[in-house]
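The values are calculated or read from the model by the stated rules, or taken from the named source; none is laboratory data. All figures in this text were calculated on a predicted structure; none of them were measured in a lab. Because the Cβ atoms are built from the backbone with ideal geometry, glycine has one as well, and the counts that use them run over all protein chains shown.
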Amino acid sequence: MSEELFSNLAIFVLSLLVGFEVISKIPTTLHTPMMSGANAIHGVVIAGAIVIASLAGSPVGYVLTFIAAALAAANVCGGFVVTDRMLTMFSRPKQPTPAPAKDPS
């Protein structure tokens, strides 16, 4: 293994460990806002896929960047759907509106 690959791998492993520790310390009441923020940050992945697509020079590169952008977009949209569903769990149920009285005539 080259020295650059080894240092990149070490940084990746350290970031996994730090990320796990940070996420495990967050109280459960803050998971919804954290997910919403994380979903917004994942939009950077879409921007990165677009930048990489501009640098691609072969059809395989275009296909891979399209797949990356599509999966990132699905991740962002799905994350916001899950966040919305979680937020509706915290809202008060709506009071049923009484049906209008029928006119006897």
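Miscellaneous remarks
- The set of residues in region 26-48 being within 8 Å of the chain's Cα centre (by Cα) and either outside any helix (DSSP H, G or I) or over 18 Å from residue 73 (Cα atoms) (or both) consists of 42 alone.
- Residue in region 58-68 that is hydrophobic (A, V, I, L, M, F, W, C) and at pLDDT below 85 present: no
- Test set (1) within 18 Å of the chain's Cα centre (by Cα); (2) under 30 Å from residue 29 (Cβ atoms); (3) of a type outside the set (Ser, Thr, Tyr) - residue 70 fails condition number: (2)
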